[in-house]
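Written out below as structure tokens is the structure these notes cover.
The values are calculated or read from the model by the stated rules, or taken from the named source; none is laboratory data. Quick caveat, the model's predicted, so the values are computed rather than measured. Glycine gets a Cβ as well: all are built from the backbone with ideal geometry, and neighbour counts include every protein chain shown.
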Amino acid sequence: MHRLDAYAHAGRLRHVHPLSKLAFALAIILLCLILDRPQVSAAALLWMAGLSILWGGATPGFVLRLLTAEGLFLTLSVVAVAVQIGPIGQEGGWSTTITIASPAQAGALLLRSFACAAAMNFLALTTPILELVAAVQRLGAPTALVDATLVMYRYIFLLLETLMRMQRAQESRNGYAGLTATLRSAASLGGQLFALSWRSGRRMEMALQARGYEGGALSMLTPTYTAPWSWPVIASLVFATLLGLARL
Amino acid sequence: MTAPLLAFDALHYRYPGADTPALCGASLEVRAGEKIALMGRNGSGKSTLLLHGNGLLRPQQGVVRWRGAAIGYHREALRTLRSQVGLIFQNPDEQLFAATVLQDLAFGPLNSGASEQEARKRAEWAAARCQIEHLLSQPPHALSGGQKLCAALAGVLAMRPLVLLADEVTSGLDPWMRRNVLSILDDHAAEGGSVVLSTHELDVARCWASKIALMEEGRVVHVAPPQEFFTSSTWRARIGADLWELSDATPTQTASSKT
Ligand SMILES: Nc1ncnc2c1ncn2[C@@H]1O[C@H](COP(=O)(O)OP(=O)(O)OP(=O)(O)O)[C@@H](O)[C@H]1O
Ligand SMILES: [Mg+2]
């Protein structure tokens with residue numbers, strides 16, 4: 001998560017308006033779903049992964065790792081859809097039914113899911129999530145909801161850091177050597193984490209108040225975005241490829 | 001002697017559910033241009049006192065005064081107070097919350113009613129002063145501990161407060177970073193502001209502060225220039241300076257003088 005966030009902040013597409021990137025990623029996903037051709041999905045997958053690496057600045061290894069993790073999950077769900085295992089009749093036997101016509105169809109489904117995942121990755125790798133949320137807010141999402149997301153996001157990192165620190169502290173005292181020790185450590189970690197995060201949440205609130213926060217919406221600057229000229233060009237190129245392939 | 005900007009007058013405070021009070025009759029006056037090192041053992045009430053200065057805690061007895069008048073605890077009064085008295089927390093992680101450093105620095109000015117343009121200008125000014133201009137577009141969790149502290153400090157400076165209350169901000173910094181932070185605080189005092197820095201570092205108290213205020217068990221027991229604390233054997237002992245050989249003796253000499 002830290003790495004995802006770091007790329008989102010450092011990438012070259014940082015200054016493209018988040019909504020325009022969101023629209024781009026959604027359009028790709030829609031195209032893949034509507035056109036529903038393996039060659040379109042494959043092209044979209046290649047484009048999105050390629051853009052994330054060459055333009056977004058993520059390392060190929062990281063993009064691949066993200067895709068593998070998602071791929072594992074996607075493959076499992078495709079298998080779940082394709083294969084049905086169920087009891088038959090009263091004898092209590094079991095049968096497996098393949099619900100999808102052919103392996104090719106399963107392959108196409110998988111490819112399409114991969115392409116959609118790659119489009120979401122592209123968005124995540126080039127757009128800090130908080131900016132996306134703030135941009136959606138300016139479209140008219142409820143302020144309270146957006147503020148909550150903003151603070152929660154920051155809070156998650158804080159929580160993860162606390163968790164990591166506590167876990168390391170336990171481990172350094174052999175907290176995870178053996179089953180009983182592990183169970184004991186994990187249990188106390190849960191309890192402590194709750195107490196600690198409650199306390200630090202309370203202090204965060206005090207710190208906001210110390211700088212004049214009086215409840216309600218958090219005051220934020222409206223960010224300015226400047227898109228490089230290449231952005232619309234490449235985006236059009238991607239769409240052209242996908243539409244072109246669909247006609248083959 | 002000039003009139004104090006901020007005055008704590010015989011404050012009493014007991015945390016809900018605590019057996020002993022955290023403050024019992026703590027008094028301290030802060031004047032323009034002063035650099036006060038707030039010392040005292042762990043749990044003596046330093047952080048609790050500082051929280052009162054910004055109106056975050058309300059004393060159960062006693063008054064906090066701003067320019068001679070007791071502060072109010074309603075919205076308007078607190079808003080004015082908090083734009084004049086800045087508080088920097090012991091742990092910067094608890095202060096930084098926004099998506100980027102720039103957003104975080106602009107938060108205080110926006111709250112005190114600055115326009116977006118003005119807030120951005122002040123944020124940039126504060127970042128320049130704390131030498132973190134290059135970090136403005138970063139998210140807080142991507143910063144090192146020292147950088148986080150500078151960002152937290154800048155977030156308060158951007159509000160242009162007159163009095164800065166800083167809770168142990170110099171602990172955990174390398175000597176260069178510490179020099180940096182202390183010189184930012186120096187600049188603030190030189191421009192007519194004042195600083196109260198709670199610290200356990202004897203050398204900071206001795207070399208940086210214009211006054212030391214010593215807290216013991218919820219009370220400020222003595223306020224005096226550093227040389228008085230470090231020359232009187234009683235006060236040396238009470239700030240713990242006699243535990244360490246603070247002369248120019250090298251470590252080996254100190255060790256041999258003890259045997
Ligand atoms: N949130 C709290 N709830 C209950 N008691 C508290 C709380 N915060 C502090 N105390 C108690 O109040 C007393 C004063 O604490 P305070 O944090 O002001 O001390 P301090 O001088 O800042 O110490 P340190 O040097 O360790 O930071 C201590 O006895 C402490 O246990
Ligand atoms: Mg403290």
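Brief remarks follow.
- Among residues of the stretch B:30-52 that are aliphatic (A, V, I, L, M), those with a Cβ under 8 angstrom from a residue that is near ligand 2 (Cβ under 9 Å from one of its atoms), sequence gap 6+ or separate chain, pair up as B:Ala37/B:Ser198; B:Leu38/B:Lys46; B:Leu38/B:Leu50; B:Leu38/B:Ser198; B:Met39/B:Lys46; B:Met39/B:Ser198; B:Leu50/B:Asp167; B:Leu50/B:Ser198.
- Any chance A:Gly50 is surrounded by 12 or more Cβ atoms within 10 Å (Cβ to Cβ), part of a loop (DSSP other than H, G, I, E, B) and at pLDDT 75 or above: no
- Some residue of the stretch B:15-25 being modelled with pLDDT of 95 or more, more than 21 Å from A:Arg199 (Cβ to Cβ) and within 14 Å of ligand 2 (Cβ to nearest atom): no
- Conditions (1) part of a loop (DSSP other than H, G, I, E, B); (2) within 11 Å of ligand 1 (Cβ to nearest atom); (3) in contact with an Asp or Glu (Cβ under 6 Å, 6 or more places away or on another chain); (4) not β-branched (Val, Ile, Thr): number failed by B:Pro16: (3)
- B:Glu76 of a type in the set (Asp, Glu), within 20 Å of B:Gly193 (Cα to Cα) and either more than 16 Å from ligand 1 (Cβ to nearest atom) or at pLDDT below 95 (or both): no
- For the stretch B:205-237, a residue qualifies if it is outside any strand (DSSP E or B) and more than 18 Å from the chain's Cα centre (by Cα), and the qualifying residues are B:Glu217, B:Gln227, B:Glu228, B:Phe229, B:Phe230, B:Thr231, B:Ser232, B:Ser233, B:Thr234, B:Trp235, B:Arg236, B:Ala237.
- For the stretch B:114-157, a residue qualifies if it is out of contact with any helix residue (DSSP H, G or I) (no Cβ under 8 Å at 6 or more places or on another chain) and within 12 Å of another protein chain (Cβ to nearest Cβ), and the qualifying residues are B:Ser115, B:Gln117, B:Lys121.
- Residue in the stretch A:219-230 that is in the same structural domain as A:Leu35 (by TED's automatic domain parsing), farther than 20 Å from A:Ala144 by Cβ and not in a loop (DSSP other than H, G, I, E, B) present: yes
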